[in-house]
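Notes to accompany the following structure.
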Amino acid sequence: MKVNIIYPKQNFVHLNSVKLSENISLKPYNTFGIDVKAKNFIEVVSVDELREVYNDKRFSADKKLILGGGSNLLFTGNFEGLVIKNAIKGIELINEDEDFYYIKAAAGESWHEFVMYCVNKNYAGLENLSLIPGNVGASPMQNIGAYGVEVKDVFYELEAFDVNKKTITKFNKEQCHFGYRESIFKREAKDKYVITSVTYKLGKQPVYNTSYGAIETELKQMGVVDLSVAAISKAVCNIRNSKLPNPKEIGNAGSFFKNPEVQKSKQEELLKAYPNIVSYSLENGNVKLAAGWLIEQCGLKGLRSGKTGVHKNQALVLVNYGNAKGQEIYDLSQKVLDAVKEKFGVELEREVNIIR
Ligand SMILES: Cc1cc2nc3c(=O)[nH]c(=O)nc-3n(C[C@H](O)[C@H](O)[C@H](O)COP(=O)(O)OP(=O)(O)OC[C@H]3O[C@@H](n4cnc5c(N)ncnc54)[C@H](O)[C@@H]3O)c2cc1C
């Protein structure tokens with residue numbers, strides 16, 4: 001078996017004052033670009049460093065926030081605790097069998113760069129998830145998904161640091177309790193583990209998924225005749241670049257709300273009043289409604305409120321037009337929730353993690 005190891009050795013490194021910053025701005029560390037401060041901020045590059053932080057008495061009373069790329073959170077005020085930026089790097093092919101490659105990536109790797117690493121090697125399964133911002137460590141947190149694929153479809157296992165026992169624990173797919181933008185790490189296991197690496201099981205024989213969204217149209221426009229992992233990845237990147245606001249230009253965290261799941265009877269009731277309602281049937285008999293459509297019908301798409309707004313092309317995306325406070329974006333999200341509830345009797349749920 002050919003093994004390609006570029007996983008760095010995790011040497012024991014003493015924490016030092018260079019890495020610990022006090023009272024620093026988190027503006028560069030969140031894609032909303034919210035300018036709040038962290039009382040303490042530290043970057044860890046190995047599991048040993050992470051363990052040291054959790055053993056360090058200076059921080060034992062501090063509330064802690066694990067930070068990846070900051071692309072799925074909203075700070076509503078200063079963080080009066082310790083922000084731990086997970087910067088553990090490395091990608092390793094740990095195993096392969098007849099059908100699959102098992103690729104382990106450390107939590108601090110950029111998600112998109114990891115996807116590109118796999119695409120370039122023709123490891124199949126992650127191509128539809130190209131160009132999602134953030135880091136590998138957060139990918140199982142909300143079971144990231146796009147263009148008909150979710151992390152759970154290719155997930156093998158993860159390693160996480162248990163903050164109480166200070167040991168590394170493995171979680172297989174079943175133990176992660178994946179759901180739609182959900183996992184055990186957002187619920188029962190919240191704040192109890194720091195994910196340190198994730199292993200994906202990627203196919204040797206690609207099973208292409210082009211049915212979702214505009215992938216097929218884009219492939220045609222690209223002139224693709226023979227499908228490939230690389231072509232699908234490129235098509236997804238093109239679509240995303242044309243549709244989604246770039247956080248480097250306008251602060252946002254992608255979809256702010258989840259698509260709500262309602263009972264069939266509720267959908268039928270809504271259909272009478274709104275025959276064009278956008279919905280998808282689920283295996284459990286319930287129906288998922290398109291939150292973007294609901295928000296648009298409330299007349300909120302493109303709404304501008306002070307320095308915040310609902311994006312003009314993507315009603316699911318709330319934006320910071322510059323120097324908005326996190327609380328202002330939160331208030332706008334409440335306005336959206338209230339409007340949808342009043343018009344349709346449907347409760348939207350925030351997808352973005354609110355950090356107080
Ligand atoms: C333009 C744009 C488009 C997006 N498109 C999509 C999309 O198509 N599909 C999708 O699913 N998401 C999408 N997102 C949301 C976001 O990119 C993903 O949720 C991503 O996985 C977040 O990763 P992150 O490293 O930035 O996490 P962060 O924002 O840093 O953290 C998110 C949460 O996870 C926790 N966390 C982070 N790392 C760890 C760790 N190692 N261990 C334990 N907890 C941790 C944090 O404490 C926080 O609660 C989009 C965001 C943007 C800005």
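Pairing residues of region 164-179 that are surrounded by 15 or more Cβ atoms within 10 Å (Cβ to Cβ) with residues that are among the basic types (Lys, Arg), at Cβ distances under 6 Å and at least 6 apart in sequence or on separate chains, gives Phe178/Lys152. Of all residues in region 198-253, those satisfying the criterion of being of a type in the set (A, V, I, L, M, F, W, C) and in a helix (DSSP H, G or I) are Ile215, Leu219, Met222, Val229, Ala230, Ala231, Ile232, Ala235, Val236, Cys237, Ile239.
Here Tyr208 does not qualify as within 28 Å of Asn284 (Cα to Cα), more than 12 Å from the ligand (Cβ to nearest atom) and open to solvent by less than 40 Å² (accessible area, probe 1.4 Å). Inspection of region 111-121 finds no residue satisfying the criterion of being assigned to a strand (DSSP E or B), charged (D, E, K, R) and either out of contact with any helix residue (DSSP H, G or I) (no Cβ under 6 Å at 6 or more places or on another chain) or in contact (Cβ under 8 Å) with a residue 24 or more places away in the chain (or both).
Any residue at all in region 275-282 that is aromatic (Phe, Trp, Tyr), at pLDDT 95 or above and outside any loop (DSSP other than H, G, I, E, B)? No, region 275-282 has no match at all.
Number of residues in region 64-78 that are more than 6 Å from the ligand (Cβ to nearest atom) and farther than 23 Å from Asp162 by Cβ: the value is 5.
Entry remark, region 102-118: residues being of a type in the set (A, V, I, L, M), surrounded by fewer than 22 Cβ atoms within 10 Å (Cβ to Cβ) and more than 16 Å from the ligand (Cβ to nearest atom) number 0 in total. With a cut-off of at least 1 residues that are at pLDDT below 95, name the strands (runs of 3 or more DSSP E) lying wholly within region 3-78. The qualifying strands (runs of 3 or more DSSP E) are 21-25.
Just one of the listed residues (Val224, Val236) is open to solvent by less than 50 Å² (accessible area, probe 1.4 Å), in contact (Cβ under 8 Å) with a residue 24 or more places away in the chain and more than 25 Å from Ile88 (Cα to Cα), and it is Val236.
Taking region 262-282 as the range and being closer than 18 Å to Tyr180 by Cα and in contact (Cβ under 8 Å) with a residue 40 or more places away in the chain as the test, only Val262 passes.
In region 294-327, the qualifying residues are those that are within 22 Å of the chain's Cα centre (by Cα) and assigned to a helix (DSSP H, G or I), and the one that is farthest from Lys248 (Cα to Cα) is Ile295. Within region 122-138, if we keep just the residues that are in a loop (DSSP other than H, G, I, E, B) and away from the ligand (no atom under 16 Å from the Cβ), the residue that is surrounded by the most Cβ atoms within 10 Å (Cβ to Cβ) turns out to be Tyr123. In region 328-356, of all residues being in a loop (DSSP other than H, G, I, E, B) and touching a Ser or Thr at 6+ places or on another chain (Cβ under 6 Å), the one that is least open to solvent (accessible area, probe 1.4 Å) corresponds to Glu351.
For Ile94, the conditions (1) under 26 Å from Tyr156 (Cβ atoms); (2) open to solvent by 50 Å² or more (accessible area, probe 1.4 Å); (3) part of a helix (DSSP H, G or I) are fulfilled apart from (3).
Take the conditions on the phi > 0 side of the Ramachandran plot and open to solvent by less than 30 Å² (accessible area, probe 1.4 Å) and apply them to Gly145. Does it pass?
no
Being touching a residue at least 60 places away in the same chain (Cβ under 8 Å) and either surrounded by 16 or more Cβ atoms within 10 Å (Cβ to Cβ) or within 19 Å of Ile144 (Cα to Cα) (or both) is true of Asn241.
The values are calculated or read from the model by the stated rules, or taken from the named source; none is laboratory data. No experiment lies behind these values; they were computed from the predicted model shown. In this analysis, Cβ positions are derived from the backbone assuming ideal geometry, glycine residues included, and neighbour counts consider all displayed protein chains. Accessible surface areas use protein heavy atoms only, side chains included; no ligands, DNA or RNA. Shrake-Rupley method; radii C 1.70, N 1.55, O 1.52, S 1.80 Å.
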